[in-house]
Amino acid sequence: MIASLISQDSNIAQQVIDAIGHPIIVVDKEGYITFANAQAEDFFRLSAAMLARNKLKDFVPFGSPLLALVEQVHARHAPMNEYKIDISSPRLGPDKIVDVYVGTIGGGSDSAVVMFQERSMAEKIDRQMTHRGAARSVSGLAAMLGHEIKNPLSGIRGAAQLLEDVVSDEDRALTQLITQETDRIVKLVDRMEVFSDDRPVDREPVNIHVVLDHVKVIAKNGFAKHITITEDYDPSLPPIYANRDQIVQVFLNLIKNAAEAIGNNDKGEIRLSTAFRPGIRLSVPGTTERVSLPLEFCVHDNGPGVPDDIQQIIFDPFITTKTNGSGLGLPLVAKIVGAHGGIVECDTSSRGTTFRVLMPAWRKGNDD
């Protein structure tokens, strides 16, 4: 009877641990992993039996704050929390940002319980909401500029042209300057007016590889002549439900941005990749439906990376490092991708930059 109750309690405890939904491991005084729940097996990509052959330090970067946190809990026998710890490694993969809770088991045990909560996807959602908010701000500004600025500019340009016929040669250069600068402002306003266009667009199943090949041809015959462009495609991907012209614009902007980051480097390379990844579920704008985002499309360059001071605001309007850039290309990308129910992210380092677009797959009934 007692053995039965103990067995029942163990089963209940295991069910509770699995129901928490976060990776949980137990680490002994020597640093070995002595227990792992099902979520931890997925997180570490190994079975509990294989994990038991390794120490925690075998999986995390050298000198990781996580190791110091576990040692402190072992020494103090008191629970501790740490937020936003980067444990990215070759074994765990990139973009592993976690909140960590470490506690003691009690009962005289020297083991510590470690619970992980992944932060990367939550932060991606937060940043994407910021990107969409920025795009909406540009939409309102564009609508105002189109009415309040373009009309007066037409009058200024017309007056400058009339003056050009009656002023001296020396002053004619000034009237021409007024005309040129007026035209430049009008072009900028025209680009911004794209953000205020919220009309429904025609969508259809689109083969992303056909789009990427088309954009590659444009790039190789224009702004990326000197750059090597390689592909790493998953040919089994289903189509996306999208407006083809807008998706072409997205990847044209991203590849042009990559080419400009590389500059005149004769060893410059842009890599295009597609893959199927487990996605998160997000609400599609304009509907109550929630869909997953399993399709990943990446544009990677080996340029110098995005400066630290603009990494968090790179999708905001008018943010640019280019001398003659308008800072509207990436906000337009964020607007289009968001309108298609997807998200776009930027990962950067001194070794290069990757723009990652996650989108839902087309399925029968999307175009009914």
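None of the figures in this text is laboratory data; all of them are computed from the coordinates on show. Quantities reported herein were computed from a predicted structural model and do not represent experimental measurements. Here Cβ is always computed from backbone atoms with ideal geometry, including for glycine, and neighbour counts include all displayed protein chains.
For the pair Ser350 and Asp169, label points projected 7 Å from Cα toward Cβ lie 5.6 nm apart. Placing dummy labels 7 Å off each Cα toward the beta-carbon, the span from Ala49 to Gln117 is 3.4 nm. Placing a pseudo-label 7 Å from each Cα along the Cα-to-Cβ vector at Asp42 and Tyr83 gives an inter-label distance of 2.5 nm. Ranked by the mean number of other Cβ atoms within 10 Å of their residues, highest first, the peptides 155-163, 109-117 fall in the order 109-117, 155-163.
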